[in-house]
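Below is one structure, written out as structure tokens; comments come after it.
Read-outs throughout are calculated quantities, based only on the coordinates presented, and are distinct from any laboratory measurement. As the structure is a prediction and not an experimental result, all values here were calculated from the model. Heads up, the Cβs are rebuilt from the backbone with ideal geometry, glycines too, and the neighbour counts pull from every protein chain shown.
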């Protein structure tokens with residue numbers, strides 16, 4: 001049994017001295033929020049890291065997604081086709097915008113929205129497709145973009161799990177109309193809480209910037225129903241420091257992933273979902289799939305590990321269409337997701353998880 | 001001419017050493033957000049300061065107001081009677097909740113919603129009244145509560161300007177169903193960005209707490225359309241430190257207010273709105289009203305001061321019913337607000353504004 005609890009993740013933190021140095025600037029300027037200097041520097045630096053042309057920082061990923069849907073002017077009451085295999089924020093942001101989430105089934109391997117099933121869900125009320133690059137597995141962006149073009153739909157991607165992911169060397173924030181990234185404390189790259197939106201269209205970015213500041217265009221002109229999406233200087237300072245160290249964190253996670261995969265890949269009934277060769281890994285999560293021929297169920301394995309002080313996560317269980325607030329809104333066969341949601345388990349995954357602990361986790365799984 | 005620019009406010013900041021000490025705890029716990037220890041301590045301390053029974057911290061005042069309206073379950077399409085003499089966030093939060101703001105005129109002295117004009121705006125679609133304690137002037141809470149009871153309406157108060165305000169010794173967060181406070185950097189008490197909701201009903205507070213965490217009731221139960229309203233530990237740390245010094249800041253502002261009032265009260269055409277004797281001042285803003293018999297208009301005075309490097313604020317101009325997004329939604333006579341919005345000017349007001357600077361501001365006004 002692990003001597004101390006092993007949690008699913010630990011936040012990436014710079015050296016406290018480095019963060020304290022950032023504070024000196026804030027105290028000198030007395031500028032705490034509202035698009036300060038650190039905010040603007042971080043925004044620029046992130047454009048390079050994510051290889052995108054336009055990027056707007058937002059105070060958290062949920063607000064970012066709220067704004068992404070708002071700026072696309074989706075009609076009230078319209079339908080947004082999305083995946084139920086995601087965090088609550090995804091469908092909630094659709095609902096907050098007065099639209100209706102229409103849940104589409106997922107692909108068994110990538111666990112992203114099944115692009116082949118999207119068209120059958122399109123109705124005259126459909127206004128957009130919201131795909132999620134779950135665990136850093138990219139949606140089938142080509143197929144989705146093709147459908148969207150043909151059917152004149154907007155496309156939003158939730159890349160909360162896909163910081164720095166690239167497809168054929170292209171930053172994942174370059175697909176669809178808008179992409180949202182999350183910088184929550186549990187994410188590979190964090191700004192305490194935080195997030196951003198990326199898009200190709202400069203005019204869209206300008207509108208996003210107005211919406212994140214209450215719809216204020218200038219001191220005396222307010223034209224839109226905006227919101228408070230301002231990332232403050234303390235968040236931006238964390239981002240600036242974490243930008244310096246996230247590649248090192250990724251390297252450590254890469255090694256951890258290789259260790260896990262080598263130890264677990266031969267265990268009967270444990271499947272390790274694989275990224276395509278043309279996709280770079282964000283190293284956000286380490287999900288495994290518990291198949292029928294494993295000795296116990298996913299839930300039993302989760303409990304077994306917990307009894308050894310190892311905390312894994314049934315992520316995502318329940319799926320969104322199981323929530324009380326959405327369970328009456330199912331219009332399609334959700335066979336794959338209804339299976340997968342009982343099978344996926346995310347293992348503890350962060351740079352400083354030592355190999356002894358990882359080894360113990362693998363031993364428990366092997367000997368359950 | 002002022003040697004350096006004089007701005008409308010400067011944020012209250014603790015000594016940097018004190019804030020750095022708070023960081024030590026955060027680095028030790030590695031708990032950055034999601035209802036950490038500092039969050040919970042601040043929540044408890046604020047209950048005492050604001051003299052309320054139930055208080056929920058939120059990441060900013062706008063999200064707080066979004067949640068306040070959401071938790072009251074106002075029907076989609078229903079009407080919320082509110083004041084147009086407020087910041088954009090007030091009507092925007094009504095709209096984000098799928099409701100319609102109905103603008104009511106204000107009282108000439110307190111500049112708050114005119115309670116005598118509310119009843120004539122009530123229709124079968126009215127679901128709530130949203131009053132704003134603008135500049136710390138309390139709404140006519142007794143009259144509003146009486147109307148609400150009689151007409152079975154919910155009451156929300158926006159107390160963004162009224163931190164620590166009391167009516168007859170009773171904390172202002174005790175009126176109506178829910179009250180929102182803002183802790184934005186420009187507010188008397190700040191948590192960088194931030195806010196809270198207060199209410200008398202414990203069940204309502206529990207629902208608020210679920211909504212600020214995405215509607216998550218427990219790991220596997222999600223019943224409501226929540227949002228990310230989490231105040232992080234860096235914000236809470238700022239709150240804990242600022243709680244120690246805000247009374248001193250208030251005392252300095254009290255002296256500044258007395259100085260301004262003494263110098264300005266004899267100038268013909270300058271009116272200084274007065275709080276009732278039974279109301280304690282939050283010392284958030286120092287608004288003056290430029291009457292017809294002053295030598296120049298408010299806008300001219302604003303420009304004149306600006307030419308001397310003194311930045312005042314035409315707060316609130318434009319009023320909300322003037323915004324492009326609301327200008328087609330006017331259903332009542334807004335005579336008083338249409339007059340006042342051209343007359344109010346908020347003067348620079350913060351504890352460390354020195355008397356020489358304040359004197360210079362008064363001299364410019366006296367000699368314009």
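Ratio of Rg to Rh for the range B:282-329: 1.07 [Cα atoms; Kirkwood radius as inverse mean 1/r over pairs]. Across chain B the C-alpha pair distances fall into 10 Å bins from zero in the proportions 5, 24, 32, 25, 12, 2, 0 percent. With contacts taken as Cα pairs under 8 Å and at least 6 residues apart, the range B:246-366 reaches a relative contact order of 37 percent. Relative to its residue count, the range A:183-265 spans a Cα convex hull of 138 Å³ per residue.
For the range B:167-215, the square roots a ≥ b ≥ c of the C-alpha gyration tensor eigenvalues yield an a/c of 1.5 or more together with a/b not exceeding b/c, which makes the shape oblate. With the highest mean first, a sort of the peptides A:151-158, A:71-78, A:259-266 on other beta-carbon atoms found within 10 angstrom per residue produces A:151-158, A:71-78, A:259-266.
Distances between copies at residue B:34, taken between label points 7 Å from Cα along the C-beta direction, are 3.3 nm in increasing order.
Taking every DSSP bridge with both residues inside chain B, close to 60 percent are antiparallel.
Given 20 °C and 1.002 mPa s, compute D for the range A:31-133 with the Stokes-Einstein relation, Rh being the Kirkwood radius over Cα pairs; round to the nearest whole µm²/s. Using the Kirkwood radius from Cα pairs, D works out to 140 µm²/s.
With the helix formula -39500 (n - 2.57) applied to DSSP H stretches of n ≥ 4, the protein assembly as shown reaches a computed 222 nm mean residue ellipticity of -11000 deg cm²/dmol. Taking every residue in A:228-236 and counting other chain Cβ atoms within 10 Å of its Cβ, the average works out to 6.
As a rough footprinting exposure proxy, the listed residues A:22, A:206, B:233 were ranked by other beta carbons within 10 Å of their own, and the order from fewest upward is A:206, A:22, B:233. Inter-chain Cβ neighbour count for A:314-326, averaged per residue, equals 3 (cutoff 10 Å, partner chain atoms only).
Distance distribution note for the protein assembly as shown: the fraction of Cα pairs above 48 angstrom is 19%. Put simply, when B:210-219, A:183-192, B:107-116, B:270-279 are sorted by average Cβ atoms within 10 angstrom per residue, most first, you get A:183-192, B:107-116, B:210-219, B:270-279. Mind running the shape call on the range A:1-70? Use the C-alpha gyration tensor, a ≥ b ≥ c as the square roots of the eigenvalues: rounded below 1.5 for a/c, prolate if a/b tops b/c, oblate otherwise. Judged from the Cα gyration tensor, the range A:1-70 comes out oblate (a/c at least 1.5, b/c at or above a/b). Diffusion coefficient (Stokes-Einstein, Kirkwood radius over C-alpha pairs, 25 °C, 0.890 mPa s) for the range A:78-136: 214 µm²/s, rounded to a whole number.
A Stokes-Einstein calculation at 37 °C with viscosity 0.692 mPa s, built on the Kirkwood radius of the range A:247-366 over Cα pairs, returns a diffusion coefficient of 210 µm²/s.
What separates the Cα centres of the range B:113-185 and the range A:114-169 is a distance of 44 Å. With label points defined 7 Å past Cα in the direction of Cβ, position residue A:339 shows copy-to-copy spacings of 7.4 nm, given to one decimal and shortest first.
Over the range B:88-234, all Cα pairs binned in 10 Å intervals from 0 give whole-percent P(r) values of 10, 37, 37, 14, 2, 0, listed from short to long. The gain in end-to-end length when the residue A:200 to residue A:123 segment is fully stretched comes to 25.0 nm, 0.36 nm per residue minus the alpha carbon separation. Across the range B:297-368, the convex hull enclosing all Cα atoms gives 114 Å³ per residue. Look at the stretch B:23-33: the mean tally of other chain Cβ atoms within 10 Å of its residues' Cβ atoms is 4. Inter-copy label distances for residue A:307: 8.3 nm (label point placed 7 Å from Cα along Cα→Cβ; shortest first).
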